[in-house]
Structure formats: structure tokens, C-alpha cells
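One structure is given here, and the rest of the page talks about it.
The values are calculated or read from the model by the stated rules, or taken from the named source; none is laboratory data. Note that the structure is a prediction, hence the values are computed from the model and not measured. Neighbour counts run over all protein chains shown; Cβ positions are idealised from the backbone, glycine included.
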């Protein structure tokens, strides 16, 4: 029985929820459990590699959401992406916001450097641009990934839907947080809209996007694309099909 429950939760967590029922509120006990799951995930020597900002305030969540207009509509078109003054640039007229974080709860993962146990990490903290610093940064990224996985699995088991976003305009979000640390990931958690396709954008209509990117009638919600995953798995030397 537990095996089926875990697989069902995996299937839920694998797919981003692009629209949430914001008329509902998450109970305090559930919120505290989700925070506990995110904050107490495994890391090397139990080092602290990130900080968390958690919001249920819809005004703040909406402000952060407004700085995620980096989901590109026109991957193959000339001039969609450029390097400008050493920075990545994307045409926002051919992009939409990532509404998987316009949720009932928003988790913001922020880079942090606290105690270090391993020698590589101690040296890495002194020079993040050196070889040890790069290894340290890689380990911190692993820790964030482990935490996010534990968080969204916990949420799925509890009956919530989730979405993970890394495509952000970082500086204005830092200003909102009043924290100059590197923002690693945003995670939205909340209630699905029953009877509504999870891939439909929460706010963007087809009339809001260029003609070539439309995928439905003008006054209907624009639909996010999605891939079907087929991860290669080898068990005891033999390829298996999941």
C-alpha cells in the first residue's frame, strides 16, 4: 500500500502545477510541516547551505511572480536570447511569467554560507571562485536539490500541487527580500484547481502572446508545453523499463 502511495506522490510532484486555487488557505499545521521538511533535509555533515523565505502573503507572492517573465515562447527565433554587457538577455515580449509559483505558499531558497566541516568547504568559503569554491558551490546546489525534492514529495503526499522555478529576474527579488544573497530556486505549493488543466497559465491568455505561440482561442488561457520523461535506468547491469 505504501509503495502505491509513494508512486502516486511521485507522479504528482513530477508535473508542475501552473494554476492554483487561491481562494483556499493552507492550515497552519500543514505549513509548519512543509517548512520542517524543507529545512531539515540531508546535507553533507549537516552543514547549512541555504536559507528559506516562506510567504503566504499573496501581495508579496504576486510581486515575486512578476519578476519571472522568462519562460520563452519562441526558442528558435532570431533575437530571442542575447549576451548584453556580459549578462543574459531575453526578449520579454516573447516570454510569459512562470505561474507555477503564483501559489498559496511560496518558498524562496537563498544561498547561505554558515559552518563548514570538510576541508574543501572551508577553503571554498574563503575563495568561491577557486577550485574548492566551485566544489563547495556544487555541494550547496546538491543540498538545495535534495531539500526541494523532499519538500515537493512531502507536499504531494499531503495532497498539494507544486511547481519549481529558477527563471527569475534576481535583483528586484533580492530587493523585496532585503537580502543580497544569491537566489537559488522558487517553489510554489498549493491547491489544484479541480477540473482545470494544470498546464494552463494562471493569468496569460492567448491574446497576450504573439500569434505564432498561441495554442487556443484568443480569450482562453495559454497552455504551457510539457515533455514526457524517460530516464534511463540500469538495475544490476540490465536496462529496465519503468
| Quick check: anything in segment 120-128 outside any helix (DSSP H, G or I), surrounded by fewer than 17 Cβ atoms within 10 Å (Cβ to Cβ), modelled with pLDDT of 80 or more and over 22 Å from the mean Cα position of the chain (by Cα)? | no
| Of all residues making up segment 47-72, the number that are part of a helix (DSSP H, G or I) and either surrounded by 18 or more Cβ atoms within 10 Å (Cβ to Cβ) or touching a residue at least 12 places away in the same chain (Cβ under 8 Å) (or both) | 7
| When residues of segment 76-107 are limited to those that are part of a loop (DSSP other than H, G, I, E, B) and without any contact (Cβ under 8 Å) to a residue 12 or more places away in the chain, the one nearest to residue 47 (Cα to Cα) | 86
| field | Lone qualifier among 197, 179 - being outside any helix (DSSP H, G or I), more than 30 Å from residue 44 (Cβ to Cβ) and within 22 Å of the chain's Cα centre (by Cα) | value | 197
| in a strand (DSSP E or B) and at negative phi - does that describe any residue in segment 138-161? | yes
| message | Against the conditions (1) outside any helix (DSSP H, G or I); (2) surrounded by fewer than 19 Cβ atoms within 10 Å (Cβ to Cβ), where does residue 110 fall short? Just the number, please. | response | (2)
| So is residue 195 surrounded by fewer than 14 Cβ atoms within 10 Å (Cβ to Cβ), on the phi > 0 side of the Ramachandran plot and out of contact with any strand residue (DSSP E or B) (no Cβ under 9 Å at 6 or more places or on another chain) or not? | yes
| said: If a residue must be over 30 Å from residue 2 (Cβ atoms) and touching a strand residue (DSSP E or B) at 6+ places or on another chain (Cβ under 9 Å), how many such residues does segment 119-160 contain? | reply: 3
